[in-house]
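Presented below is the structure to which this report refers.
The values are calculated or read from the model by the stated rules, or taken from the named source; none is laboratory data. Given the structure is predicted, the values throughout are model-derived calculations rather than measurements. Cβ atoms come from the backbone with ideal geometry, glycine included; neighbour counts cover every protein chain shown. Accessible surface areas use protein heavy atoms only, side chains included; no ligands, DNA or RNA. Shrake-Rupley method; radii C 1.70, N 1.55, O 1.52, S 1.80 Å.
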Amino acid sequence: MRFVPRSQWDTLPVQPPAGMWLIRAVPFIKGILAALGVGAPLALIDAATHYAFPTWIPLVPLWLAIALCAGAMVIAVLAIRPYYAERKLGYTTWPEKDPAPGPSGR
């Protein structure tokens, strides 16, 4: 399985390339991590000190993380078809350390 760098994506038969979906997913992934990074300390402060936050404050990061997860799942669903189409053609635009064989199991 050969990896095709971003500079060559315009010439590929599968458009948009699967790697483009990964690029589109990165902001969602960063947002999920940021929301959890804010929500976890709020939950720990609440649990450890029994400080009574207004109910909506700890819930906002949780709602944000759930919404961003939904967006990331939509991107994953859209990315799977070009991902497998690329692999059938013997290449991938999805960076991997050790790419597995395509869906045919070769």
Review point. Does region 57-75 contain at least one residue that is closer than 16 Å to residue 21 by Cβ, β-branched (Val, Ile, Thr) and modelled with pLDDT of 85 or more?
Key: yes
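Here's the yes/no breakdown for (1) more than 30 Å from residue 82 (Cα to Cα); (2) open to solvent by 60 Å² or more (accessible area, probe 1.4 Å):
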{"site": "2", "(1), (2)": "no, yes"}
{"site": "17", "(1), (2)": "no, no"}
{"site": "44", "(1), (2)": "yes, yes"}
{"site": "47", "(1), (2)": "yes, yes"}
{"site": "52", "(1), (2)": "yes, yes"}
Review point. Since residue 18 meets every condition but one in (1) under 30 Å from residue 93 (Cβ atoms); (2) at pLDDT below 85; (3) of a type in the set (Gly, Ala, Ser), which condition does it not meet?
Key: (2)
